[in-house]
Amino acid sequence: MDMAPTLMELGDRLACLRAELGRRNLAGFVVPRADAHQGEYVPPHDARLAWLTGFTGSAGTAVILRTRAAIFVDGRYTLQVRDEVDTTLIDPLPIMEQSPEDWLAKHLRPGDRLGYDPWLHTPDGVSRLQSACARAGAVLDACTDNPIDAVWIDQPPPPKAAITPYPLEYAGENSTSKRTRIAELVAKIPAYAAVLTMPDSIAWLLNIRGGDVDHSPLPLSFAILYDDGRCSLFMDPDKIGQGLVAHLGDQVTLHDQQALGPALDSLGGDTKHVLLDTGTAAAWIANRLTAAGAKLVSGADPCALPKARKNATEIAGMRTAHIRDGAALCSFLAWLDQTAAKGGLDEITASDKLESFRKATGCLRDLSFPTISGAGPNGAIVHYRASAKNNRMLEAGNLYLLDSGAQYLDGTTDVTRTIAIGTPSAEQQDRFTRVLKGHIGLATIRFPKGVTGAHLDVLARAALWKAGLDYDHGTGHGVGCYLSVHEGPQSISRRPNNVGLDPGMIVSNEPGYYKQGAYGIRIENLVLVTEPCQIPGGEREMMGFDSLTLAPIDLRLVTRGLLTDEEAGWLNTYHAQVCKTLMPLVDAPTASWLAHATRAI
Ligand code: ZN
Ligand code: ZN
């Protein structure tokens with residue numbers, strides 16, 4: 001949406017929806033920020049929450065009842081939601097204080113019918129709504145078509161970006177081999193078929209890419225993988241791109257999306273078990289399978305883990321992408337040091353300039369997410385996005401937080417650097433150095449098989465905890481190879497996660513520190529889990545992390561006395577590698593800046 005709707009328009013939309021709900025004899029309707037694939041980015045066609053409420057954040061749920069309405073958002077969006085929605089019509093509520101389910105249980109009346117769109121909720125989500133309705137004596141009702149679509153006159157059509165083959169030279173393993181591997185996993189469960197609803201899983205499995213949403217080359221589609229490796233792909237035929245049919249071969253059949261229902265019906269019958277990820281699939285699919293008599297086996301998407309373990313070709317591609325991206329970022333950082341000192345530079349101009357350096361590589365397909373370009377207090381807003389309204393100048397004494405990434409055919413990048421504008425304060429240096437110690441603590445750890453990101457998270461926080469400080473986000477997420485910048489199943493976070501870190505996995509290492517109203521700090525590299533190897537004199541093989549990201553860490557913010565010799569050694573080695581790798585790729589002014597920025601301390 002380019003132009004934000006006015007409050008009056010928002011009020012009209014709400015009234016139209018309520019009238020539609022009245023026609024359907026519904027007491028209310030649940031509006032999640034979701035599409036049928038539960039993706040991070042939704043196409044404009046599915047931006048129903050934004051259209052109805054004005055809220056444009058990446059997560060949230062509204063519940064519209066006859067006389068009251070509420071929108072539930074997490075800690076990232078408590079301020080933004082008040083800015084964007086008409087709070088006289090819709091109550092903004094922090095989800096950690098009150099869940100939509102508790103709110104519904106309180107406000108629904110016995111006999112009320114609460115509607116939901118089964119394409120936009122997972123089976124797990126629906127059971128939560130069901131128990132909320134039961135507590136109030138109300139009934140949950142799956143709508144056959146979305147009531148918002150009925151009143152959204154100028155709703156954009158579903159996206160139709162071409163789906164094309166992803167060449168083997170980047171994928172490293174052909175689809176037949178992948179399908180055979182995953183089919184074996186499905187057969188072992190045992191199940192006859194797996195229904196796949198995550199576009200990044202389908203993209204990986206079939207070696208295809210699309211362009212239906214911003215920032216990720218996702219082919220919005222569904223697939224059924226059978227236990228013998230055959231696969232049915234359900235997508236809009238208008239999206240069949242050049243070479244797709246030949247690429248898919250005769251073991252993968254193409255079908256219109258409308259054929260998904262009948263195909264699910266054919267999975268019914270008393271002997272057939274069907275694997276479905278009930279944490280990510282649409283409830284519509286689970287309902288249809290159950291109605292057809294299929295025996296649902298609830299389990300993780302079988303592609304998720306194999307996709308997370310990158311093969312040698314993908315790792316090589318990711319390395320190349322990071323070298324290219326590092327040179328672009330480095331050129332920007334050199335330019336920034338020159339330009340910011342003169343004054344008059346703002347956040348949007350800075351991020352546009354960075355994008356122009358990435359474009360100049362000639363390989364940029366898209367940014368991997370909207371750049372976070374935050375000066376001073378804006379850097380403390382974890383999911384900040386500069387706009388004409390809040391665009392700040394980069395001023396002396398500011399810390400400037402820049403979190404950005406790119407999509408290249410051979411790989412996806414995600415990097416954060418925090419840069420001192422002018423002379424930093426002693427406090428800023430202390431905090432930055434503690435964040436750096438956390439980053440290094442994680443970067444240098446050696447760990448045995450079976451260790452998860454939840455076990456390692458503390459390493460990134462120890463130096464902050466020692467000073468009574470912390471940060472309120474996870475430390476690391478998985479990253480796809482020319483796919484989603486955020487992917488599972490592994491992560492580095494305090495939240496329980498039982499997925500062991502395996503060789504070939506790529507995760508971010510991004511501790512931070514945020515001082516509300518003052519500044520934000522984050523240092524983010526993507527790291528690759530290395531093969532287990534013997535440590536001289538050791539008994540068990542250990543894995544570790546290899547940093548893929550190549551960009552200087554601002555030495556003006558480093559207090560040497562806070563670093564151990566080992567930590568300073570890591571920083572010097574890292575900087576030497578950054579310098580050696582990027583030096584041949586940058587122009588002369590950047591080269592001399594780079595030599596200084598990566599000097600040994
Ligand atoms: Zn990032
Ligand atoms: Zn990240």
Inset, instruction - Mind running the shape call on the stretch 555-601? Use the C-alpha gyration tensor, a ≥ b ≥ c as the square roots of the eigenvalues: rounded below 1.5 for a/c, prolate if a/b tops b/c, oblate otherwise. - result: oblate
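To the nearest 0.05, how large is the calculated FRET efficiency for THR253 and ALA4 if R₀ is 30 Å and r is the Cβ-Cβ distance?
For R0 = 30 Å, the calculated efficiency reads 0.10.
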Inset, instruction - Just grab the label-to-label distance for SER425 and LYS580, each label 7 Å out from Cα along the Cβ direction, in nm (one decimal). - result: 4.0 nm
Legend entry - Interchain or long-range residues, amide H under 5 Å from LYS272's placed H: LYS295
Legend entry - Accessible solvent surface per residue of the stretch 498-601, calculated while the other protein chains remain in place, 1.4 angstrom probe, Å²: 43 Å²
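About the Cα centre of the chain, what is the dipole size in debye to 20, counting +1 per Lys and Arg Cβ and -1 per Asp and Glu Cβ, all else neutral?
Charge dipole, the chain, about its Cα centre: 800 debye, nearest 20.
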Legend entry - Ranked by how many other beta carbons lie within 10 Å on average, peptides 236-245, 430-439, 553-562 from highest: 430-439, 553-562, 236-245
Legend entry - Percent antiparallel among DSSP beta bridges (both partners in the stretch 56-195, rounded to 5): 35 percent
Legend entry - Eligible aspartates and glutamates near LYS342 by straight Cα distance, threshold 13 Å, same-chain separation 8 or greater: GLU395
Legend entry - Protection-proxy order for peptides 390-396, 224-230, each taking the mean of Cβ atoms within 10 Å per residue, highest first: 224-230, 390-396
Legend entry - Gain upon complete extension [ARG23, HIS45; 0.36 nm per residue less C-alpha separation]: 5.6 nm
Inset, instruction - May I ask for the distance between the Cα centers of the stretch 453-494 and the stretch 545-574, given as a whole number of Å? - result: 19 Å
Legend entry - Debye-sum result for the stretch 61-154 in log10 I(q)/I(0), which assumes one identical scatterer on each alpha carbon, at q = 0.21 Å⁻¹: -1.19
Inset, instruction - Would you give the gap between the C-alpha center of the stretch 385-452 and the C-alpha center of the stretch 114-175, rounded to a whole Å? - result: 34 Å
Inset, instruction - At 1.4 Å probe size, with every protein chain present, just tell me what the per residue accessible area of the stretch 347-449 comes to in Å². - result: 35 Å²
Legend entry - Principal semi-axes in Å for the chain [√(5λ), Cα gyration tensor, largest first]: 41, 31, 23
Inset, instruction - Within the stretch 192-224, which residues have the backbone N less than 16 Å from the label spot 7 Å out from ASP238 along Cα→beta-carbon, could you tell me? - result: 211-213, 220-221
Legend entry - Within the chain, percent of DSSP bridges classed antiparallel, to nearest 5: 70 percent
Inset, instruction - Would you mind computing, in nm to one decimal, how far apart the modelled labels at ASN391 and ILE445 are, each placed 7 Å from Cα along Cα→Cβ? - result: 4.1 nm
Inset, instruction - Could you tell me which helices of the chain pass both thresholds, a Cα extent of 27 Å or more along their own axis and a mean Kyte-Doolittle hydropathy of at least 1.6, with helices taken as whole DSSP H runs? - result: none
Legend entry - Burial order of peptide ranges 539-547, 526-534 (average beta-carbon count within 10 Å, highest first): 526-534, 539-547
Legend entry - Potential lengthening between SER58 and GLN98 on full extension [0.36 nm per residue; Cα-Cα distance subtracted]: 12.5 nm
Inset, instruction - Give LYS310/LYS437; LYS178/LYS310; LYS310/LYS449; LYS178/LYS307; LYS466/LYS515 a once-over and call out the pairs whose C-alpha atoms are over 21 Å from each other. - result: LYS310/LYS437
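Ignoring ligands, DNA and RNA, please state the percent of accessible area on the chain from carbon and sulfur, probe 1.4 Å.
53 percent
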Legend entry - Debye, to nearest 20: dipole size of the stretch 348-506, +1 on Lys, Arg Cβ, -1 on Asp, Glu Cβ: 200 debye
Inset, instruction - Starting from the Cα of GLN338, step 7 Å along the direction of its Cβ; do the same at ASP12; then give the gap between the two resulting points in nm. - result: 5.0 nm
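The values are calculated or read from the model by the stated rules, or taken from the named source; none is laboratory data. The structure displayed is predicted, hence computed values, not measured ones. With ideal geometry, Cβ positions are generated from the backbone for all residues, glycine too; neighbour counts draw on all protein chains shown. Each accessible area value is taken on the protein alone, full model and side chains, heavy atoms only, with ligands, DNA and RNA left out. Shrake-Rupley method; radii C 1.70, N 1.55, O 1.52, S 1.80 Å.
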